[in-house]
Amino acid sequence: MVQLKIINGEREYTPVVVGDIKWSTERAGAPGILTFDVVKDENLNFQEGNLVQLFMGEVPIFYGYVFQKKRNKGKIISVTAYDQLRYLKNKDSFIFEGLTATQFITTVADIFSLKVGEITDTEYVIEKGLLNDKTLFDMFQELLDTTLMNTKKLFVLYDDFGKLTLKNIEDMKLDIMLNQETAEDFDYSTSIDGETYNQIKLAYDDKEAGYQKGFEEKDEGNIEKWGVLQYYEKINSNVGIEKRAKTLLELYNHKTRTLSIKNAFGSPKVRAGCSVAVSLHLGDINVNHYFVCEKVTHTFQGDMHLMDLTLRGSDFIV
């Protein structure tokens, strides 16, 4: 059973909830969202900006703030609350030199008075950067993407019950298995449309030569199968250009595999960015693999707790 709290100054409310409580998270670029309907009575009084907390027993699940209220004639208030990542939609501009993604994130978090928790050291130093008129989400993601391309390490930024948290995705594996018994339904798809590239082209301005130069890395075998799927990027200099191109090809030169699971038995540990083990039979293909949670939506109603997951993986074990 979950417990919902709304805190308005010194007053704490445990409102009567009607229907489902839904908690959704995405791996990148979006805040956590909590939606619910409550009964308006003579005691309940809360406003936009008030604190919302959700617990499952003693386990803290969500810590965020009321951003929207809708009321109907039946005295039902529909509430949308976001976690702290909602404030990463703010825009700004920054110039920096010689910082890791970790250092930049903690510096900007301090400027915007964000609460910080466990922040893993990304280690890779980014020489310099100009981030002009971008959301904080986009800034942070740009630095994390640069780190990924140069180190092959993927980091996940999320809100852990009111604290900004950054972790290596390898440290977010859960001891949870999804299979035929724990999932009601699923959809599986493979695609080369979107984030699949078999040719990488990086270009830079050679000031001494007076014209643009570039470097290419490609997979002739996959070009033969799929045609040319090119990733193009203009970079500042040729420093590390070969390594960057090879890393990009390694990251993107494969089919994307997406698995959507509906109405699985819920666990409060599961959020976007975590990896879960999946063991399913998809026709003549056996899936027995860890998948990354791209999006997770939990549904709570009374003692019922279910979750829908959008998962991404690399290769299946057939």
Checking residue 72 against (1) free of Cβ contacts under 8 Å to residues at least 24 places away in the same chain; (2) surrounded by 19 or more Cβ atoms within 10 Å (Cβ to Cβ), which single condition isn't satisfied? (2)
Suppose we keep only residues that are surrounded by fewer than 15 Cβ atoms within 10 Å (Cβ to Cβ) and not in a strand (DSSP E or B) within region 8-30. Which one would you say is farthest from the chain's Cα centre (by Cα)? 10
Looking at 261, 235, which one is without any contact (Cβ under 8 Å) to a residue 60 or more places away in the chain, among the hydrophobic types (A, V, I, L, M, F, W, C) and out of contact with any Cys (no Cβ under 7 Å at 6 or more places or on another chain)? 235
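Just one of 279, 275 is surrounded by fewer than 17 Cβ atoms within 10 Å (Cβ to Cβ) and in contact with a strand residue (DSSP E or B) (Cβ under 6 Å, 6 or more places away or on another chain); which is it? Don't jump to the end; show me each part of the working.
Details: 275 fails: surrounded by fewer than 17 Cβ atoms within 10 Å (Cβ to Cβ).
Just one listed residue meets the conditions, 279.
Evaluate region 79-88: report whether one residue or more is under 19 Å from residue 163 (Cβ atoms) and small (Gly, Ala, Ser).
Of region 79-88, the ones under 19 Å from residue 163 (Cβ atoms) are 81-88.
With small (Gly, Ala, Ser) added as a condition, the list becomes 81.
Checked region 79-88: at least one residue is under 19 Å from residue 163 (Cβ atoms) and small (Gly, Ala, Ser).
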Residues (farther than 16 Å from residue 234 by Cα, of a type in the set (Val, Ile, Thr) and touching a residue at least 40 places away in the same chain (Cβ under 8 Å)) located in region 126-167: 135, 147, 156, 165
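From the list 171, 206, pick out the single residue that is surrounded by fewer than 15 Cβ atoms within 10 Å (Cβ to Cβ) and at pLDDT below 95. Before you say what the answer is, go through the steps one by one.
Values: 171 fails: at pLDDT below 95.
Criteria check complete, one pass: 206.
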Just to verify a result, which residue in region 84-134, among those that are aliphatic (A, V, I, L, M) and part of a helix (DSSP H, G or I), is surrounded by the most Cβ atoms within 10 Å (Cβ to Cβ)? 101
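Sort through 270, 292, 239 and tell me the only one that's more than 30 Å from residue 172 (Cβ to Cβ), outside the structural domain of residue 29 (by TED's automatic domain parsing) and of a type in the set (A, V, I, L, M, F, W, C).
On the way: 270 fails: more than 30 Å from residue 172 (Cβ to Cβ); 292 fails: more than 30 Å from residue 172 (Cβ to Cβ).
Exactly one residue qualifies, and that residue is 239.
With the structure loaded, tell me whether residue 245 is farther than 30 Å from residue 214 by Cβ, in contact with an Asp or Glu (Cβ under 7 Å, 6 or more places away or on another chain) and either in a helix (DSSP H, G or I) or at pLDDT 90 or above (or both) or whether it fails that test. Walk me through how you get there before you give the answer.
Values: farther than 30 Å from residue 214 by Cβ: no; in contact with an Asp or Glu (Cβ under 7 Å, 6 or more places away or on another chain): yes; either in a helix (DSSP H, G or I) or at pLDDT 90 or above (or both): yes.
So residue 245 does not fit the description; no.
Quick one: in region 243-267, of everything that is among the charged types (D, E, K, R) and over 30 Å from residue 55 (Cα atoms), which residue is nearest to the chain's Cα centre (by Cα)? Give the steps one after another, and end with the answer.
Step one: filter region 243-267 for residues among the charged types (D, E, K, R), giving 243-244, 246, 250, 255, 257, 262.
Going one step further and asking which of them are over 30 Å from residue 55 (Cα atoms), we end up with 243-244, 246, 250, 255, 257.
Values: 243: 26, 244: 23, 246: 25, 250: 21, 255: 20, 257: 17 Å.
The selected residue is 257.
The values are calculated or read from the model by the stated rules, or taken from the named source; none is laboratory data. This is a predicted model, so every value here is computed, not measured. Every residue, glycine as well, gets a Cβ built from its backbone with ideal geometry; the counts of neighbours run over all protein chains shown.
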